[in-house]
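None of the figures in this text is laboratory data; all of them are computed from the coordinates on show. Worth saying up front: this structure is predicted, and the values here are computed from it rather than measured. Quick reminder, even Gly has a Cβ in these numbers, built from the backbone with ideal geometry, and neighbours come from all protein chains shown.
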Amino acid sequence: MKRFATASGDSPVLHRNSANLMQGMLDEIKASITILPELQSLIPELQKGEYEQLETNIRKEGCRDSLLIWQTSQRTIDGTENDSPVNVLVDGHNRYSICKNHSIDFKVMVREFLNMQDVRDFMINNQLGRRNLTPEQTSYLRGLKYRNERHAAGRPVQEEITDEQSIAQRTQDRLAKEFKVSPRTIHRDREYSEGIDKLTPDLKQEVLSGKQKVAKELIRSLGRASDIKASPLSLPDLQAFKEPILSSDAKKITYDDKAAEIIKKITSTVAKLDANSPELEYTCDKIIALVSEVKNLKKL
């Protein structure tokens with residue numbers, strides 16, 4: 001049987017009854033759960049009615065679903081030399097809060113993850129599988145999934161029309177097929193998620209939950225801006241934000257340069273067409289996406 005260290009860092013005491021040993025380990029995990037703000041921010045906030053209904057159900061029937069725990073070390077979380085064990089809450093933040101507030105018992109289930117990025121990916125996919133998301137939450141999570149996959153590959157999110165963008169385009173196309181939306185939607189979701197992450201934590205949750213109505217285009221403009229101050233933006237800051245406007249000459253140069261690069265990419269892609277290739281459909285879709293990108297440049 002695999003041994004886990006206790007929260008104090010000591011090895012667990014072995015008992016003859018393995019069931020008692022396991023229960024003792026689980027009880028200690030339950031007593032030392034850690035909530036990481038970074039991970040909690042990936043959990044979309046419930047509407048007031050949804051939270052109240054969940055609270056009523058738990059108080060009446062108990063917490064039926066186990067909380068998911070990642071048992072790891074402080075070193076894995078922050079890269080320090082601290083090897084102290086940490087029991088990180090991965091799924092069940094609302095249930096945990098309700099149980100703690102009303103002294104209700106709950107079950108836990110331990111799952112292994114490779115690292116923090118592995119946990120983030122799991123949480124994003126888990127949330128996207130739920131049906132009670134607001135449109136804002138869905139856009140944010142899809143954009144965040146795209147950004148995480150790009151970062152995981154060790155490539156910049158801000159792409160140019162190079163071989164790197166070819167890989168980025170594949171990621172964009174794959175996610176578009178996965179979520180049954182257009183590649184352009186995934187691109188806009190990425191901008192939206194970057195804009196949302198520039199807001200204060202409270203404002204971020206209010207916008208994503210729908211409590212604070214903010215035009216998506218304003219958030220996407222914020223995501224496109226590269227000269228925003230380091231500190232998160234409050235609501236007055238956001239309302240005062242204006243996307244930098246290029247001069248007519250600058251716009252023309254940007255359009256001409258980008259259009260030329262995209263057309264070059266189209267020509268190169270067409271030259272690789274082979275009627276017998278298993279990637280024929282993908283290649284055609286990529287050409288269509290590149291042509292669409294040229295058209296979209298005129299709107300910038």
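In what sequence do Val181, Val207 fall when counting other Cβ within 10 Å, fewest first?
Values: Val181 16, Val207 23.
The fewest-first ordering by Cβ neighbours comes to Val181, Val207.
Counting other C-beta atoms within 10 Å, which of Ser268, Ser182 has the fewest, and how do the rest follow?
Values: Ser268 10, Ser182 14.
Lowest to highest Cβ neighbour count: Ser268, Ser182.
Please give, to one decimal in nm, the separation of the simple spin-label points placed at Gln40 and Arg224, each 7 Å out from Cα toward the Cβ.
Taking the two extended label points, one gets 3.5 nm.
Please arrange His187, His93 by counting, for each residue, the other beta carbons lying within 10 Å of its beta carbon, fewest first. It would help to have the intermediate numbers written out before the result.
On the way: His187 20, His93 17.
So the residues, fewest neighbours to most, are His93, His187.
Which GluC sites (Glu not before Pro) from segment 58-117 combine a DSSP loop assignment with at most 13 other Cβ atoms within 10 Å? Numbers along the way, then the final one.
On the way: sites: Glu61, Glu81, Glu112; in loops: Glu81, Glu112.
Listed in order of number, the matching sites are Glu81, Glu112.
Taking amide H positions as placed in the peptide plane 1.01 Å from N, state which residues far from Gln212 in sequence (5 or more) or on other chains have amide H under 5 Å from it.
Close amide H contacts, sequence-distant or interchain: Val207.
Trypsin sites (Lys or Arg not before Pro) within segment 62-97: which are DSSP loop residues with at most 13 other Cβ atoms inside 10 Å?
Those that pass, being in a loop and sparsely packed, are Arg64.
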